[in-house]
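Working notes, structure below.
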Number of protein chains: 2
Amino acid sequence: MDITQQNKNYRYANTFRRLLRRNARPNIRKILSRTHPADIANIFAFFPLDDKITLLNCTNDNEIRAEIITNLQLHNAAELISRLETKLAVDIICEMSGDDQADLLGELDEAHAAEIIAAMPVEESRDLENLLNYHEKSAGGIMNPDVLAIHSDSTIAEAIKTVQEATDVDMFFYLYVVDENKSLIGVLSLRHLVTSKPNILVKNIMNPNVVSVRTDEDQEDVARLVTRYDFLAIPVVDDTNTLVGAVSVDDVIDVISEEATEDILKMAGAGDAPTDYSSLMKQTLSRLPWLFAALLGGLVVALIINYFNDTLIKFIALAGFIPVISGMAGNVGTQSLAIVVRGLATRRINVRQIWKVIGNEILVGMVLGLIYGVLLGAVGYWQFLGNTPLAINLGIAIGISTISAMTISTLLAAGMPLFFAKLNIDPAVATGPFVTTTTDIIGVTAYFLIVNVMI
Amino acid sequence: MDITQQNKNYRYANTFRRLLRRNARPNIRKILSRTHPADIANIFAFFPLDDKITLLNCTNDNEIRAEIITNLQLHNAAELISRLETKLAVDIICEMSGDDQADLLGELDEAHAAEIIAAMPVEESRDLENLLNYHEKSAGGIMNPDVLAIHSDSTIAEAIKTVQEATDVDMFFYLYVVDENKSLIGVLSLRHLVTSKPNILVKNIMNPNVVSVRTDEDQEDVARLVTRYDFLAIPVVDDTNTLVGAVSVDDVIDVISEEATEDILKMAGAGDAPTDYSSLMKQTLSRLPWLFAALLGGLVVALIINYFNDTLIKFIALAGFIPVISGMAGNVGTQSLAIVVRGLATRRINVRQIWKVIGNEILVGMVLGLIYGVLLGAVGYWQFLGNTPLAINLGIAIGISTISAMTISTLLAAGMPLFFAKLNIDPAVATGPFVTTTTDIIGVTAYFLIVNVMI
């Protein structure tokens, strides 16, 4: 946690607050134009919506406004845009890059988005509508349509001229080479551009082994390619290999962070991340389903315990060991689950090693089960010592139950995500609640069966 | 999961296997020199160590060998290097970039690392030893020491010449500008280099507002800066502002992924990720501590249940509801924990909003508690209906216990990481086992107290 940065932002926000109170617009304008928009966006987080609008109105530069809004969290950006007059909103949005436009419009309510698109210049709105047609988690959905392309018959001098004239292309690192049909046939790095003679033809020094993705490629796979090859950007083509955009590494970073968040929340059975705190209903609904599964599982556990009521009444202290044993099993299972799900996501674990991974987890589960089984068994023996001649049997039963429950739990927790991955289903749906509930059912059953055998 | 890629790698591995069997070294050499080292590294995962060495020996090009080894997972790379003769190992390592050398040497056992360093050319080994002095999770530990620097008084033409001559600098995107003391005073993008006249002085077009990090800066903060400003690399300076290296965006991606893994494993109470499956001992030890905490907590729960044995014997079916109620509370708490820990990591949640976040989680916990409390209460009422006139009271007690336990659980699960973050402690240490165990203790106590009040 870089607390220093947070404190800096806080002090900065106080400065803005003072200036706002004094209505010192020229000072604010000066700060806005000098500070990196990402920093201003961070400071904006401290202000209520009305103040955000006042701050934004201190400058007349729509490019600065667009950059600040682009750097806000998406739901905050949408909230802000919704409060502006349509004309101003359109002017600001037109200063954004295509992918940022699409993200923002996708976050607005449909009627408002339609209104803004209708008010945009035809060329801009056509491009934007094309982008909005792609799935938001596909290469098309995260790409920037503004790329630098050059014909393979051009010279290096012409290529450099293209770079010089492309003032509206934000970040770029490669020149993509196309043929007369706009088909992607090669790539040229800026470094090559700098170090080549002006009269050489692009096609003679380009790298023809250009790796590209199709518009419908999943964003996670796009991220994986960029990461594997250490690319700074990857070109996106349509069905006919026509260059339509590029995904740059900063978008890939967002994808990686987003996918990790999704995995964590899925594993915790928390469904989709609530991106804001506006709707209690939405939050409740996204968290309800896995809890319902846990409830059903829990009721099965209650039924099983009820079935063994006679044993329980005879040795009432057995009741106290139910939560300990299922807790230990649940916790060791959660560990295995996290290791396997994350291992699969980061490719440290390969689906083809399924038996090796499961075997390893079971082994760890058994060793841990043995350690804690002996401990718990001893506690159980001591607990029943004064009350029944069966104390030793009950102690052994508790120990064996712990070992069994912990071993089975690691088997389930490691096996389920691997099994899902094998079936090409997202392994993160093997959620914590699912694993702990299943473990509870099997653990409690084993517990009472073993106890009944031992007495 | 891009199964297609995995299948492609699998088929590729089969080709290699066939060629190995036929000992068709020239064919293998051809494939090795034509295929991207990242792809070869993926294929290497399918082979045992001996075959890896045979494959590596099919080429004589140490640069290709170095690139393949760099792309392997670190522990596999170290295992492979350990099996090579020192002379060959040194030759290969000398072809790697400084940061990759440091990572690899850090993974070897100390004696072997020392042996390799001693056998390296003096200049290389001095640089490497400098790098090894930095903490592996600091900017110095992840930076590449080979950067392109240019004096501010140079011309653009001279800068371009520097770029042309720097064949050993791997990836770069910026030229860093230094003064006569090698102090960092500005930055120049390759794009500016391409689009400027040859006789202009670097100092006249450089950006003097260069953002840099100190060598001891935490890697997470480095990643945050690069992500926030969409940099492709960030320069690293020492105490005297002397340029000593740069962290590039591909390393930042690794940091982000690594930190997400750490958060997930910590949250699951699984400690440090085991990077390999070699040591059962190491895996067991890393998972033991939180399980021990859970055991102690579980024994406290057992004590509490024992204390209420009389109530339990009177209404034995109450025992069945213990795991359901604590399971529901544990699950809703795990959800809150995941949302808050990940929210803090991604900066979606700000520590300053502590009460807003806790309030929101409690509200969600209460609503969910109400829903499942009513359901469980009804089940409880129905359960006791034939056996006791107190059925309605017991049902209400079960319902109220569920609501209380679920609400308290969300309070704890949201509050603990926020509290840790406030104290500048990593919020991910508020682990799942800790939350579920605490929840169990409070939940069971509340359950029996409420039941006793109601009967």
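Matching residues to (1) more than 15 Å from residue A:333 (Cα to Cα); (2) assigned to a helix (DSSP H, G or I):
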{"position": "A:383", "(1), (2)": "yes, yes"}
{"position": "A:386", "(1), (2)": "yes, no"}
{"position": "A:395", "(1), (2)": "yes, yes"}
{"position": "A:400", "(1), (2)": "yes, yes"}
{"position": "A:412", "(1), (2)": "no, yes"}
{"position": "A:419", "(1), (2)": "yes, yes"}
{"position": "A:428", "(1), (2)": "no, yes"}
{"position": "A:433", "(1), (2)": "no, yes"}
{"position": "A:440", "(1), (2)": "no, yes"}
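Within the set B:315, B:321, the sole residue that is among the aromatic types (Phe, Trp, Tyr), more than 7 Å from chain A (Cβ to nearest Cβ), closer than 30 Å to residue A:315 by Cβ and over 12 Å from the mean Cα position of the chain (by Cα) turns out to be B:315.
For the stretch B:66-83, the criterion of a residue being within 24 Å of residue B:247 (Cα to Cα), more than 27 Å from the chain's Cα centre (by Cα), part of a helix (DSSP H, G or I) and modelled with pLDDT of 90 or more is satisfied by no position.
When residue A:182 is tested against (1) surrounded by 20 or more Cβ atoms within 10 Å (Cβ to Cβ); (2) more than 23 Å from the chain's Cα centre (by Cα), only condition (1) is not met. For the stretch B:105-159, which residues satisfy the criterion of being among the β-branched types (Val, Ile, Thr) and in contact (Cβ under 8 Å) with a residue 12 or more places away in the chain? B:116, B:117, B:142, B:147, B:150, B:155, B:156 - these are the residues of the stretch B:105-159 that are among the β-branched types (Val, Ile, Thr) and in contact (Cβ under 8 Å) with a residue 12 or more places away in the chain.
Scan the stretch B:277-295 and tell me whether some residue there is in a helix (DSSP H, G or I), under 30 Å from residue B:452 (Cβ atoms) and without any contact (Cβ under 8 Å) to a residue 60 or more places away in the chain.
Taking the stretch B:277-295 first, the residues in a helix (DSSP H, G or I) are B:280-295.
From the residues that got through so far, the ones that are under 30 Å from residue B:452 (Cβ atoms) too are B:293-295.
Filter again for without any contact (Cβ under 8 Å) to a residue 60 or more places away in the chain, leaving B:295.
Looking for residues that are in a helix (DSSP H, G or I), under 30 Å from residue B:452 (Cβ atoms) and without any contact (Cβ under 8 Å) to a residue 60 or more places away in the chain, one finds at least one in the stretch B:277-295, hence yes.
Only a single item in (1) within 14 Å of chain B (Cβ to nearest Cβ); (2) part of a helix (DSSP H, G or I) is not met by residue A:87, and it is number (1).
For the stretch A:220-241, a tally of residues being of a type outside the set (Asp, Glu), more than 20 Å from residue B:232 (Cβ to Cβ) and surrounded by 15 or more Cβ atoms within 10 Å (Cβ to Cβ) returns 2. Considering the stretch B:291-302, the residues that are facing chain A (nearest Cβ under 7 Å) and of a type in the set (A, V, I, L, M, F, W, C) include one that is farthest from residue B:268 (Cα to Cα), namely B:302.
Taking the stretch B:36-53 as the range and being surrounded by fewer than 16 Cβ atoms within 10 Å (Cβ to Cβ) and in a helix (DSSP H, G or I) as the test, the residues that pass are B:49, B:50, B:51, B:53.
Only one of the numbered conditions (1) assigned by TED's automatic domain parsing to the domain that holds residue A:187; (2) at pLDDT 85 or above; (3) exposed (fewer than 14 other Cβ atoms within 10 Å of the Cβ) is not met by residue A:118, and that is (1). Scanning the stretch B:258-273 for residues that are among the small types (Gly, Ala, Ser) and part of a loop (DSSP other than H, G, I, E, B) turns up B:268, B:269, B:270, B:271, B:273.
Restricting attention to the stretch B:189-218 and to residues that are touching a residue at least 24 places away in the same chain (Cβ under 8 Å) and out of contact with any strand residue (DSSP E or B) (no Cβ under 8 Å at 6 or more places or on another chain), the residue that is farthest from residue B:242 (Cα to Cα) turns out to be B:197. Before we move on, is residue B:268 over 30 Å from residue A:361 (Cβ atoms), touching a residue at least 60 places away in the same chain (Cβ under 8 Å) and within 7 Å of chain A (Cβ to nearest Cβ)? Answer is no for this residue. Counted as qualifying within the stretch B:138-257 are the strands (runs of 3 or more DSSP E) with 2 or more residues that are more than 20 Å from residue A:195 (Cα to Cα) and more than 10 Å from every other protein chain (Cβ to nearest Cβ), namely B:184-189, B:233-237, B:243-248. For first residues located in the stretch A:407-434 and without any contact (Cβ under 8 Å) to a residue 12 or more places away in the chain, partners that are surrounded by fewer than 21 Cβ atoms within 10 Å (Cβ to Cβ) and in a helix (DSSP H, G or I) and lie 6+ apart or on another chain with Cβ distances below 7 Å form the pairs A:420/A:429; A:424/B:3.
Restricted to the stretch B:262-307, and to residues that are under 14 Å from the mean Cα position of the chain (by Cα) and over 19 Å from residue B:436 (Cα atoms), which residue is modelled with the highest pLDDT?
The residue in question is B:262.
Would you check if residue A:354 is part of a helix (DSSP H, G or I), at pLDDT 90 or above and assigned by TED's automatic domain parsing to the domain that holds residue A:447? If you could, list the steps in order and put the result at the bottom.
Working: part of a helix (DSSP H, G or I): yes; at pLDDT 90 or above: no; assigned by TED's automatic domain parsing to the domain that holds residue A:447: yes.
Taking the combined requirement at face value, the residue does not satisfy it.
When residue B:339 is tested against (1) more than 8 Å from every other protein chain (Cβ to nearest Cβ); (2) farther than 25 Å from residue A:375 by Cβ, just one condition goes unmet, and that condition is (1).
Here is a check on your reading of the model: is residue A:327 at the interface with chain B (Cβ under 7 Å from one of its Cβ atoms) and either charged (D, E, K, R) or more than 31 Å from the chain's Cα centre (by Cα) (or both)?
It is false that residue A:327 is at the interface with chain B (Cβ under 7 Å from one of its Cβ atoms) and either charged (D, E, K, R) or more than 31 Å from the chain's Cα centre (by Cα) (or both).
What do you reckon, is residue A:18 more than 14 Å from every other protein chain (Cβ to nearest Cβ) and under 21 Å from residue B:352 (Cα atoms)? Yes, satisfied. Counting only residues that are over 33 Å from the mean Cα position of the chain (by Cα) and either farther than 29 Å from residue B:210 by Cβ or among the basic types (Lys, Arg) (or both), the stretch A:13-53 holds 10 of them.
Can you confirm whether the stretch B:359-374 contains a residue that is crowded, with 24+ Cβ neighbours inside 10 Å, facing chain A (nearest Cβ under 7 Å) and hydroxyl-bearing (Ser, Thr, Tyr)? Looking for residues that are crowded, with 24+ Cβ neighbours inside 10 Å, facing chain A (nearest Cβ under 7 Å) and hydroxyl-bearing (Ser, Thr, Tyr), one finds at least one in the stretch B:359-374, hence yes.
The values are calculated or read from the model by the stated rules, or taken from the named source; none is laboratory data. The shown structure was predicted, so the numbers you read here are calculated from the model rather than taken from an experiment. Reconstructed Cβ throughout: ideal geometry from the backbone, glycine too, with neighbour counts over all protein chains shown.
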